[in-house]
Amino acid sequence: MANRRKLAAAAEFDRILAVQSWILRRLGCDVFDLNYRFSPATWVIVFLASFYMVISAYDLYRFRNDVFNFAFSLVTLSYGVIGCTRIVLFLRNSRTYAQIVVEARRTYEQVSNEREQEVQERYTRMLKRCVTFYSVSFIGGCIMGGFFPLAVYWWTGLKVLPFGVILPFTDPDTIEGYQLNYLYQVSCIVWTPPGLTATQNVYFALVFNLCIQYDVLKLKLEDLDKLIRDGAEYDTIHEKLVEIINWQRHLVDFIAEIDRNFTVQTFVEISSVAMQMVIVLFVLHIDVWLPGYMVIFVASFQLFVLCILGAMIEFKSDIFTEQIYDIAWHRMRTPEQKMVQFMLAKAQYTMQLTYGGMLPLNMNLFVTIYKKTYSVFMMLQNM
């Protein structure tokens, strides 16, 4: 029964990752597969992303004297920066990202009892719900954003476009120019949101995997405390301590590896959404700009998602440190007490997910970004 539950949690985790891999494989970017190789689809995606960035940069020059279109183009460019950063980082270090996923999968093979399996099952269910909610929200929002302007055009005749990217040598105010730009922007929705969603979902899986490891460590500490209070043999207590220290060392190394490979991406994304909010607030100060409200909502949602994931790891780390204090260490021999001291020192300076390697990724950062955004907005307002 216990083994069946263990296999069920692992199978659910594999199914979640398999869906993301299938999406990325269609785009030629299944970098989480150890056997990944560049394909024609990869070069197509690289070309489309590069073409998007060139057009967006050209639009900044084109609309340099139009505040609203310039702001819309700059917001559009920032989305391109986020997407291109992911493409560059993932393609350049595909082997490393694949190994991180393999290491996360190995966690499902290392549980030793039913309580630990319950932890795996709980977080795997949470992961599935989180992935489903994020995918439906993000892709559904993009689809609605793509078709809403078409509905407006049919209903009112107003030529509204989903994004702020305009093809060179076209006039979106003409019927032909509007149709051409609308088709191009809708084509971007076909490949951009699925790729961004799939890579984000894999990041979710890694963070939830860290939560599993922290909770398993907590259970092992509870088992250690019970052994001490029950008067178990010193060799048994020593063996349990060694097991916990090895788990802790592996967890710290795994957090460091995830942070090292995702911190640049996190820095670019948080900086981009902060810039978007500053731009939109400045434009809204001048006049009403309806797309701006949607940009603020999407940027805030993405910033919240990134910060709450980091806050989860920080919270788990604090709970683990408190749990070390609570064990009956005073009833242990001096060698084992020194091992606990080492474990406690390691826990107090454990790795966290960070914003560009500079600041911890948590809800304090979320509040700080909002405060800084408002400060920059007020500075621009007074210029």
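The values are calculated or read from the model by the stated rules, or taken from the named source; none is laboratory data. Note that the structure is predicted; figures quoted are calculated from it, not measured. Cβ placement follows ideal geometry from the backbone for every residue including glycine, while neighbour counts extend to all protein chains displayed. Heads up: the accessible areas ignore ligands, DNA and RNA and are worked out on the full protein's heavy atoms, side chains in. Shrake-Rupley method; radii C 1.70, N 1.55, O 1.52, S 1.80 Å.
Here are some notes:
- Hey, Val207 farther than 30 Å from Phe148 by Cα and in a helix (DSSP H, G or I) or not: yes
- For beta carbons closer than 7 Å, sequence separation of 6+ or different chains, a first residue in the stretch 102-118 that is of a type in the set (A, V, I, L, M, F, W, C) and a second that is part of a helix (DSSP H, G or I), the qualifying pairs are Ala104/Ala205; Ala104/Leu206; Ala104/Asn209; Val111/Lys6; Val111/Gln117; Val111/Gln120; Val111/Val216.
- Sole residue being open to solvent by less than 20 Å² (accessible area, probe 1.4 Å), more than 17 Å from Met294 (Cα to Cα) and either out of contact with any strand residue (DSSP E or B) (no Cβ under 7 Å at 6 or more places or on another chain) or assigned to a helix (DSSP H, G or I) (or both), chosen from Glu176, Glu116, Glu121: Glu116
- Top-ranked residue of the stretch 35-81 - restricted to ones that are among the polar types (S, T, N, Q) and under 23 Å from Arg95 (Cβ atoms), ranked as most open to solvent (accessible area, probe 1.4 Å): Asn35
- Test: Leu161 is under 27 Å from Ile23 (Cα atoms), assigned to a helix (DSSP H, G or I) and among the aliphatic types (A, V, I, L, M): no
- From Ser187, Ser135, residue being open to solvent by less than 30 Å² (accessible area, probe 1.4 Å) and either part of a helix (DSSP H, G or I) or not hydrophobic (A, V, I, L, M, F, W, C) (or both): Ser135
- Sole residue being without any contact (Cβ under 8 Å) to a residue 12 or more places away in the chain and part of a helix (DSSP H, G or I), chosen from Tyr52, Tyr97, Tyr79, Tyr61: Tyr61
- Yes/no for Val264 being of a type in the set (A, V, I, L, M, F, W, C), under 15 Å from the mean Cα position of the chain (by Cα), over 22 Å from Phe13 (Cα atoms) and assigned to a helix (DSSP H, G or I): yes
- When the residues of the stretch 308-328 are filtered to those that are hydrophobic (A, V, I, L, M, F, W, C) and without any contact (Cβ under 8 Å) to a residue 60 or more places away in the chain, the one that is least open to solvent (accessible area, probe 1.4 Å) is Ala311.
- Selected residue (criterion: modelled with the highest pLDDT) from residues of the stretch 290-307 that are open to solvent by less than 20 Å² (accessible area, probe 1.4 Å) and within 24 Å of Lys159 (Cβ to Cβ): Val295
- Odd one out for Tyr36, checked against (1) assigned to a helix (DSSP H, G or I); (2) more than 20 Å from the chain's Cα centre (by Cα): (1)
- Once the stretch 243-267 is narrowed to residues that are open to solvent by 30 Å² or more (accessible area, probe 1.4 Å) and in contact (Cβ under 8 Å) with a residue 40 or more places away in the chain, the residue that is nearest to Lys338 (Cα to Cα) is Arg249.
- Restricting the stretch 331-383 to residues that are farther than 30 Å from Asp225 by Cβ and open to solvent by 90 Å² or more (accessible area, probe 1.4 Å), the residue that is modelled with the highest pLDDT is Asn364.
- Among (1) without any contact (Cβ under 8 Å) to a residue 12 or more places away in the chain; (2) surrounded by 14 or more Cβ atoms within 10 Å (Cβ to Cβ); (3) assigned to a helix (DSSP H, G or I) - the single one Trp155 does not satisfy: (2)
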